[in-house]
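Everything on this sheet refers to the single structure shown next.
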Amino acid sequence: MMISLTSLRIDAPIKPASYLRMLFYIVLASVMVILAGLASLALWQYVLIFVVSAAVVSYLALSRPILLHLSQPPLDKSVYQYWQLLMRTSRGDTLWQAELAAVSSYQWVMCFQFIIKEPYQRHLSVTVFRDQVSTEHWRELMILVNTISHKTS
């Protein structure tokens with residue numbers, strides 16, 4: 001079945017929490033702890049690593065916007081244009097307008113690259129894990145990825 005890029009419409013709620021993301025972070029933290037343990041550092045160096053890591057994680061958790069909803073209206077526009085992203089920021093939930101620059105998928109994760117147009121122009125990378133969307137929305141997103149990758153190859 002051939003799907004036109006102008007007929008595809010994505011309208012997917014995204015759960016803010018992900019068990020897969022948490023598992024990834026736990027594995028990454030475990031590897032870092034094991035490597036630090038093998039390094040035979042002094043106690044003050046371990047404390048310094050812990051304090052810096054906690055500060056970085058806190059900053060990223062509080063400052064990074066969280067994607068809550070992803071939609072691509074209207075049907076007569078290119079699949080790259082007029083994306084609407086409902087984002088949770090430190091100032092509350094806001095609607096952003098963006099253009100899709102790139103999307104790639106792996107078995108359990110999709111990575112979106114957007115160019116935000118409103119409220120201010122900037123680049124934004126968003127990672128969506130498989131457990132953050134329903135099975136139907138995951139299928140729609142996979143169709144989007146496959147359609148875009150066929151168009152660009």
Exercise for review: Assess whether SER125 counts as being in contact (Cβ under 8 Å) with a residue 24 or more places away in the chain, under 15 Å from the mean Cα position of the chain (by Cα) and loosely packed, with under 13 Cβ neighbours inside 10 Å.
Suggested key: no
Point to revise | Verdict on TYR19 being in contact (Cβ under 8 Å) with a residue 40 or more places away in the chain and of a type in the set (Phe, Trp, Tyr) | key: yes
Check your understanding: Residues TRP138, TRP96: which one is part of a helix (DSSP H, G or I), more than 11 Å from the chain's Cα centre (by Cα), surrounded by 13 or more Cβ atoms within 10 Å (Cβ to Cβ) and of a type outside the set (A, V, I, L, M)?
Key -> TRP138
Review point. Would region 102-123 turn up any residue that is under 18 Å from LYS15 (Cα atoms) and touching a Pro at 6+ places or on another chain (Cβ under 9 Å)?
Key: no
Practice item. For residues that are outside any helix (DSSP H, G or I) and within 26 Å of the chain's Cα centre (by Cα), scanning just region 14-62, find the one that is farthest from SER90 (Cα to Cα). Key: SER18
Revision key, fill the gap. Looking across region 63-79 at residues that are assigned to a loop (DSSP other than H, G, I, E, B) and over 11 Å from the mean Cα position of the chain (by Cα), the single one that is modelled with the highest pLDDT is GLN72
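The values are calculated or read from the model by the stated rules, or taken from the named source; none is laboratory data. Because the structure is a prediction, the values reported are computed rather than measured. Reconstructed Cβ throughout: ideal geometry from the backbone, glycine too, with neighbour counts over all protein chains shown.
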